[in-house]
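Heads up: the structure comes next, in structure tokens.
The values are calculated or read from the model by the stated rules, or taken from the named source; none is laboratory data. Just so it is clear, the structure is predicted and the values come from calculations on it, not from any experiment. When we count neighbours, we look across all protein chains shown, and the Cβ atoms used for this are built from the backbone with ideal geometry, even at glycine. Quick note on the areas: whole protein, heavy atoms, side chains included, nothing else; ligands and nucleic acids left out. Shrake-Rupley method; radii C 1.70, N 1.55, O 1.52, S 1.80 Å.
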Amino acid sequence: MSTTGFGGYAVVVPIRSLTTAKSRLRTQSDTMRSDLALAFFLDTIAALERSREVDRIVVVSRDTDIHRCVRSRWDVVEDGETGLPAAVDRGIERLRRVRHSGPVAVVLPDLPFATTDAFDLLLSSARKHRRAFLTDDAGTGTTCVAAATVGAVVHRFGSNSAHAHADADLVALDVPVPELRVDVDVFGDLYDQRSLGLTLGEETTEVLNRWRVARCQVAESNGSVAAPS
């Protein structure tokens, strides 16, 4: 909950149906992939909802499990599953309808290392700019965009989105938040970042433990995971 005195952020978090989310994440089963996609999302949301910068969260999804997990706490908007930009637009439109007057952020739902302190720092820094974005750890993608008002929101998520956001005159935020730059697409991403000192969220850790995924099971050649023996 915002304690800044300057109006809290409304954060839009779009997430695809769990049957199709994280389709590039190679796992031993579709169920495991769906479990991880949900865990990444829940760890992202948990970090956001404790942030002193955040007043409102709008989740955009058509997945019934997602609705069940968050509808008692936050606003949920039905997604038409026509792509990420359209999902973000649906969330922004909801904020227009409720006449949100504070700053806005769009955060991707697959940040299993996210922490509340990192979001506090990121969103506080973004307040200095009319429009801003955070690149992923590869420097080519984007994990978050922010804007001073609903009307100022500009997003260009997709291939090479960091370049697209810079071309749209969004300011690239240079803040030490590695926890928010890790967009996990392969299992190697999880373990590489843990070796650098980042800590996985509780939900993701629980799923890995439940599926008995150990470091030695990660296939380094392709980032996939083998079935436990």
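Of all residues in the stretch 190-229, count the ones that are open to solvent by less than 60 Å² (accessible area, probe 1.4 Å), at pLDDT below 85, hydrophobic (A, V, I, L, M, F, W, C) and outside any loop (DSSP other than H, G, I, E, B).
Number satisfying all stated conditions: 4.
Name every residue in the stretch 144-189 that is open to solvent by less than 30 Å² (accessible area, probe 1.4 Å), out of contact with any helix residue (DSSP H, G or I) (no Cβ under 6 Å at 6 or more places or on another chain) and closer than 20 Å to Asp120 by Cβ, in order of residue number.
Within the stretch 144-189, Cys144, Val145, Ala147 qualify.
Step by step: first the residues of the stretch 58-90, then only those that are touching a helix residue (DSSP H, G or I) at 6+ places or on another chain (Cβ under 6 Å) and touching a residue at least 24 places away in the same chain (Cβ under 8 Å), then the one that is farthest from Val153 (Cα to Cα). Which residue is that?
Restricting to residues being touching a helix residue (DSSP H, G or I) at 6+ places or on another chain (Cβ under 6 Å) and touching a residue at least 24 places away in the same chain (Cβ under 8 Å), the top hit is Asp79.
Between residues in the stretch 188-202 that are closer than 14 Å to Leu111 by Cα and residues that are open to solvent by 80 Å² or more (accessible area, probe 1.4 Å), which pairs lie under 7 Å by C-beta distance while being six or more apart or on different chains?
From the stretch 188-202, the pairs are Tyr191/Arg215; Leu200/Arg194.
On the given criteria, is Val98 touching a Pro at 6+ places or on another chain (Cβ under 9 Å) and either surrounded by fewer than 23 Cβ atoms within 10 Å (Cβ to Cβ) or not polar (S, T, N, Q) (or both)?
no
I'd like to verify a number: residues in the stretch 97-130 that are under 16 Å from Asp55 (Cβ atoms) and either under 17 Å from the mean Cα position of the chain (by Cα) or of a type in the set (Ser, Thr, Tyr) (or both), how many?
Summing the residues that are under 16 Å from Asp55 (Cβ atoms) and either under 17 Å from the mean Cα position of the chain (by Cα) or of a type in the set (Ser, Thr, Tyr) (or both) in the stretch 97-130 gives 12.
So which residues in the stretch 92-126 are in a loop (DSSP other than H, G, I, E, B) and of a type in the set (A, V, I, L, M, F, W, C)?
If the condition is that a residue be in a loop (DSSP other than H, G, I, E, B) and of a type in the set (A, V, I, L, M, F, W, C), then Val98, Leu108, Leu111, Phe113, Ala114 are the ones that fit.
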